[in-house]
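Below is one structure, written out as structure tokens; the observations come after it.
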Amino acid sequence: GDVAAAGSQGPVRGARSERPARESARAGGPQLIVIPTHKAPRGWARAEPAMAYHQGYGGQGSKHRGRGPLVPPAPDPHQLFDDTSAGFPHAQGTPGSGIDMGFNTLLADPMANVAVAYGSSIASQGKDIVHKEIHRFMSVNRLKYFFAVDTAYVTKKLALLLFPYAHQNWEVRYSRDTPLTPRQDINAPDLYIPSMAFITYILLAGIALGLQQRFSPEVLGMCASTAFVWVVIEVLALLLSLYLVTVQSDLTAFDLLAYSGYKYVGMILAVLGGLLFGSDGYYVALAWTSCALMYFLARSLRMKLHPSLVPDGMGHPRGAGRGQTYVTLGAAACQPLIVYWLTFHLVR
Amino acid sequence: AAAMAFTLYALLQAALLFVNAIAVLHEERFLRNVGWGTEQGIGGFGEEPGIKAQLMNLIRSVRTVMRVPLIAVNSITIVLLLLFG
């Protein structure tokens with residue numbers, strides 16, 4: 001959006017020098033451009049507020065168009081003749097011959113210029129509206145935090161998801177009250193791995209179904225929506241249980257979405273094992289990834305829900321800590337069930 | 001085969017039915033007899049309301065908040081189901 005607006009402002013700005021002269025000559029031409037006239041001044045004023053002569057220019061243009069095809073209007077002082085340096089000399093001449101000869105260029109370029117300016121103004125207006133609407137539902141900055149990853153983080157996190165038993169420090173580090181981005185802290189949850197793993201899982205499911213001659217494009221869509229719906233159900237159940245247990249934690253819905261989405265990595269491995277090594281490979285991979293995922297989730301959630309368990313903290317174990325432990329263990333225990341449910345029909 | 005093949009539409013339908021079920025629980029005729037009335041839950045200003053109190057709070061707030069939107073959403077769903085099956 002930004003690049004397009006900047007790019008479209010380039011030729012507009014460059015062509016503006018030729019437009020005043022062409023506008024005056026075009027008043028004798030066919031009245032093709034009807035729509036943007038009453039809107040152009042406002043749009044141009046918003047698109048480039050720095051250009052002071054915009055509104056006057058646009059107003060002049062509409063006035064010229066409305067005047068009728070008879071008189072080539074005298075150049076009024078608002079049109080800067082200094083800018084028509086590179087200009088088209090025939091545009092200053094007799095309007096009839098100019099329009100006949102340069103019909104195509106006169107018609108194509110001004111119309112294209114006006115269309116580009118109108119389009120860029122409409123695009124910026126639309127972008128503002130879309131931003132406002134989206135900001136009402138979710139905070140884009142919060143979402144950007146989850147996608148601030150780099151390659152080193154992704155590789156380390158994948159290794160951690162598959163072998164979490166060696167990791168010592170599970171704490172999410174903070175810097176001035178805001179959690180560190182995934183780039184700087186391996187314990188931070190991210191949404192990049194879950195979304196990529198989700199797409200990979202759908203493709204793998206397509207391959208697996210194709211190997212069994214059960215493939216069709218509708219099945220792919222059904223598989224995708226099923227997996228997504230199960231994750232949404234799990235996130236809602238987690239939110240509900242966390243609310244009931246009155247936990248004061250900073251686990252937002254996106255955090256829970258990230259933690260639930262990590263099971264896609266396990267699903268991918270299970271399906272791969274099943275495809276490569278048959279049924280035995282599937283169960284071995286399923287067991288391994290389930291254990292790793294349960295351990296990973298239990299440690300991560302416990303660290304996030306129990307700030308009092310920080311070694312140097314002075315927290316006292318509250319009674320609600322029991323509920324938190326139940327929620328953590330329950331969430332961890334549900335993972336292999338969901339993984340099994342979503343993948344066993346792919347490996348026969 | 002995919003035993004429970006969900007679509008997003010099924011999820012929306014299930015959520016709507018669930019919220020309807022919560023909204024239908026009548027305060028006087030039913031919840032008080034079971035012991036889940038709201039006056040019995042809000043006792044004291046202690047730290048931990050407990051799971052039962054939280055549930056009662058949740059039911060009451062769902063009933064209060066979702067009453068009017070549920071009317072609208074239910075009407076739309078009924079019309080759509082009648083038209084499109």
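The values are calculated or read from the model by the stated rules, or taken from the named source; none is laboratory data. Note that the structure is predicted; figures quoted are calculated from it, not measured. Counting neighbours? That spans all protein chains shown, and the Cβs are built from the backbone with ideal geometry, glycine included.
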Taking A:S216, is it touching a Ser or Thr at 6+ places or on another chain (Cβ under 6 Å), within 14 Å of chain B (Cβ to nearest Cβ) and more than 28 Å from A:Q324 (Cα to Cα)? no
Check B:E28, B:E47, B:E39 and return the single one that is assigned to a loop (DSSP other than H, G, I, E, B), at pLDDT below 85, more than 14 Å from chain A (Cβ to nearest Cβ) and loosely packed, with under 13 Cβ neighbours inside 10 Å. B:E39
Scanning for something within 14 Å of chain B (Cβ to nearest Cβ), closer than 27 Å to A:A287 by Cβ and part of a helix (DSSP H, G or I), does region A:153-160 turn up at least one residue? no
A:L239 versus (1) farther than 30 Å from B:A53 by Cα; (2) within 14 Å of another protein chain (Cβ to nearest Cβ): which is the lone unmet condition? (1)
So, A:S260, is that one buried (at least 16 other Cβ atoms within 10 Å of the Cβ), away from chain B (no Cβ under 14 Å), assigned to a helix (DSSP H, G or I) and at pLDDT 85 or above or not? yes
